[in-house]
1. Of all residues in the stretch B:37-61 being more than 14 Å from chain A (Cβ to nearest Cβ) and more than 14 Å from the chain's Cα centre (by Cα), which is surrounded by the most Cβ atoms within 10 Å (Cβ to Cβ)?
2. Looking at (1) within 14 Å of chain B (Cβ to nearest Cβ); (2) within 13 Å of the chain's Cα centre (by Cα), find the lone condition where A:L175 falls short.
3. Can you pull out every residue in the stretch A:179-192 that is under 29 Å from A:A40 (Cβ atoms) and open to solvent by 20 Å² or more (accessible area, probe 1.4 Å)?
4. Can you confirm whether A:G238 is small (G, A, S) and open to solvent by 20 Å² or more (accessible area, probe 1.4 Å)?
5. What is the one condition in (1) open to solvent by 10 Å² or more (accessible area, probe 1.4 Å); (2) part of a helix (DSSP H, G or I) that A:N160 does not satisfy?
6. Which is touching a helix residue (DSSP H, G or I) at 6+ places or on another chain (Cβ under 7 Å) and either outside any strand (DSSP E or B) or buried (at least 19 other Cβ atoms within 10 Å of the Cβ) (or both), of A:E231, A:E196?
7. Answer yes or no: is there a residue in the stretch A:98-117 that is among the hydrophobic types (A, V, I, L, M, F, W, C), within 22 Å of A:H190 (Cβ to Cβ) and crowded, with 20+ Cβ neighbours inside 10 Å.
8. Answer yes or no as to whether A:A170 is surrounded by 19 or more Cβ atoms within 10 Å (Cβ to Cβ), among the aliphatic types (A, V, I, L, M) and within 14 Å of chain B (Cβ to nearest Cβ).
Amino acid sequence: MEKYIVEANDISVKYRHNKKALEHFNLKINENQMIGLIGANGSGKTTFFKLCDGLLSNNEGDLKVLVGSVVKDLEVRKEVIYSFNKLPVAQNQKLEQILKMYDYMYDKFDLDFAKKSLEIFEIPLDSKVKNLSTGIESVFHFICAIATRVKLTMLDEPFNGIDIEKRKMAYEVLLRDYMEHPRTIIVSNHNLGEMEHLLSEMVLIDRGHVVFYKEMDEVREMLFRVDGTEEQLKQLVGKGKILREKQGAISSFIIGEGSVNSDFAREAIKLGLSVSPVEPEDVCVYLTGSNKADQLDSLWD
Amino acid sequence: MKVDFNQITPIYIQIADAIENDILDGILKEGDKCYSQLVIAKELNINPATAAKGIRLLVERGVLDKVRGQAMTVKEGAMAEIRNRKVEETLGEILHTLIKEALRLGIGEEELISKVRAAMEEESKEKHG
């Protein structure tokens, strides 16, 4: 029944100086989902992408992409694309030539789709890569990756530098094309709040390992927030797991584990306190954050 | 149909609620085909799995029914079903909030009831010109 498009079993990747980019990394990715890969800078997102694209190899563990190895099997290779906003293509080439290369490399590349999309985004085919602004370059690489229609599409920060109007259009292109041609798409993006409704699932990684891989709706039910006075919040101690507490003169709150319908949250509701769900973006911060934000006050002491 | 991404109510519940409102308002009638998962996903720019979840919720609530293959249809008796549930849940919740706030402001039962009556008269005046 369950089909996985990527199976990573206990993967470790070491960089120079024995620094580990991924450590005991386990992840089985479901087929035909739109998945957000979320994590702080340096958490291992790009390493994971590069591994699945065959650009890096693992020191330990097994990696299966589609039916086999992305490095050895040509039929796998042809069904995988990894794209990011500063792809190292020849800077002097015209976009039209790059499209032709894609068309040559990927069987299902939809040249018409790519050309029409670029026209809608007002990107001339005869412009050269080196003359594109950061945002437009991102749009171009994003369109090319979508047009390949391969079974595994990996987009690493594809929306970097794109203005809000085009970003919204790009989100729509991503979703509509996914609906027309269902396939597995993994997107890393720091702006989770903006695109969470496009996703069906989400992976959170932290310091080289997987924190969780869940459906979006499950993520929305992981944590809740209770607002009240310090006195009121004290009554909740011991009733459930508290992840974070913040005390202020006029506003104090705690972050509790569970959904707003959990027994723990109900205890808070019974006390007449205001309980609200924690959004996915903040779930990530509370589960992996370093708490460094609390130190900011010291800057102006 | 409109969903609000900033609202704390999950999107699939907002979708279910919006379809129910369309049924109550007569835009969708009993026996009509409901909007498909793909149309909802496309128009609202949301993942089709979320749209499907909203539709599934309405099947669970007894509002939609799957007939003839794939088409989701508004069930006979859906209107009454929605109404009963809303009176129970939505109205109950609003009443609870209303009463809590009234008590906080020191407004008693009589005063609150007369305020509700006045607001209802105002509303019906507006409706009938």
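1. B:V59
2. Exception for A:L175: condition (2).
3. Selection gives A:H190, A:N191.
4. Against the criterion (small (G, A, S) and open to solvent by 20 Å² or more (accessible area, probe 1.4 Å)), A:G238 qualifies.
5. A:N160 satisfies every listed condition except (2).
6. Numbers: A:E231 fails: touching a helix residue (DSSP H, G or I) at 6+ places or on another chain (Cβ under 7 Å).
Residue meeting the stated conditions: A:E196.
7. No, there is no match, as no residue in the stretch A:98-117 is among the hydrophobic types (A, V, I, L, M, F, W, C), within 22 Å of A:H190 (Cβ to Cβ) and crowded, with 20+ Cβ neighbours inside 10 Å.
8. Yes.
The values are calculated or read from the model by the stated rules, or taken from the named source; none is laboratory data. All of these numbers come straight from a predicted model, not from anything done at the bench. Every residue, glycine as well, gets a Cβ built from its backbone with ideal geometry; the counts of neighbours run over all protein chains shown. Each accessible area value is taken on the protein alone, full model and side chains, heavy atoms only, with ligands, DNA and RNA left out. Shrake-Rupley method; radii C 1.70, N 1.55, O 1.52, S 1.80 Å.
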